[in-house]
Amino acid sequence: MPIPAGGTIYAATLQLIDAKPIAILQQTITQSVANGAWGVITFDTEITDPNNGHSTSSNTSRYTCQYAGWYRITGRAAFATNGTGSRGCRIHKNGSFIQGAANLAGAGTLNGISEVSHVLFLNVSDYVEVAGGQNSGGALSTSFSGEAASMMYVDWIRA
């Protein structure tokens, strides 16, 4: 982040240099996703979240932006094994899906894991979510077993 000659370095700037916004969120408690629907994934575990963009007690599906800038958002939806239909993952910003930020995979692929990544500009208070979708013919649970876990990765790139 360039600072112009004679410019002032503010505490918020130093905070970004010292601890850039990053979060790794994990779902360890499974949830049911209806057939033919996209369900936002709830995250009960914070592997890291130094800027407190996520809460494990309210709106647990959301990461809320604390510092405006460009972010890489990666989401993973992991589903229980089921050989029917397809599984998907997409990213939502402020409650709406982002065009081009979705991935679909056939059933049985890597234990029903689908992952997507997208670069977005977020303003302070914007929030992002990961949604998982499936069409197995009935409700299907997410999975937390072995290599399978639903995740959200938030990585600040630049202002």
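The values are calculated or read from the model by the stated rules, or taken from the named source; none is laboratory data. Remember, predicted model here, so these are calculated numbers, not experimental data. Quick reminder, even Gly has a Cβ in these numbers, built from the backbone with ideal geometry, and neighbours come from all protein chains shown. For the accessible areas, the whole protein counts, side chains as well, though only heavy atoms, and no ligand, DNA or RNA atoms are used. Shrake-Rupley method; radii C 1.70, N 1.55, O 1.52, S 1.80 Å.
Please tell me the relative contact order of the chain in percent, rounded to the nearest whole number, where contacts are Cα pairs under 8 Å and at least six residues apart. Could the numbers behind the result be given before it?
Working: 412 pairs, mean separation 53.6, N = 159.
Across the chain, relative contact order equals 34 percent.
In units of 2.2 N^0.38 Å, what is the alpha-carbon radius of gyration of the chain? The partial results should precede the final answer.
Values: Rg = 17.0 Å, N = 159, 2.2 N^0.38 = 15.1 Å.
Taking N as the residue count of the chain, the ratio is 1.13.
Scale the Cα Rg of segment 81-159 by the rule-of-thumb value 2.2 N^0.38 Å and send over the ratio, two decimals.
On the way: Rg = 13.9 Å, N = 79, 2.2 N^0.38 = 11.6 Å.
That ratio works out to 1.20.
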Open item on the list: I'd like the carbon and sulfur percentage of the solvent accessible area for the chain, probe radius 1.4 Å, heavy atoms only, ligands and nucleic acids excluded.
Closed with: 51
TODO: Place a +1 charge on the Cβ of each Lys and Arg in segment 69-133 and a -1 charge on the Cβ of each Asp and Glu, then give the dipole magnitude about the Cα centre in debye, rounded to the nearest 20.
DONE: 80
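Enter the accessible area per residue of segment 41-97 (Å², integer; probe 1.4 Å; all protein chains in place).
Numbers: 2420 Å² over 57 residues.
Heavy-atom accessible area per residue stands at 42 Å².
Find the all-direction average of the projected area of the Cα convex hull for segment 28-80, expressing the result in square nanometres with one decimal place.
Values: hull surface 18.9 nm².
For segment 28-80, the mean projected area of the Cα convex hull comes to 4.7 nm².
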- [ ] Report the residue, chosen from Gly88, Gly133, Gly106, that carries the largest GNM mean-square fluctuation when the chain is represented by alpha-carbon nodes joined by springs under 10 Å.
- [x] Gly106
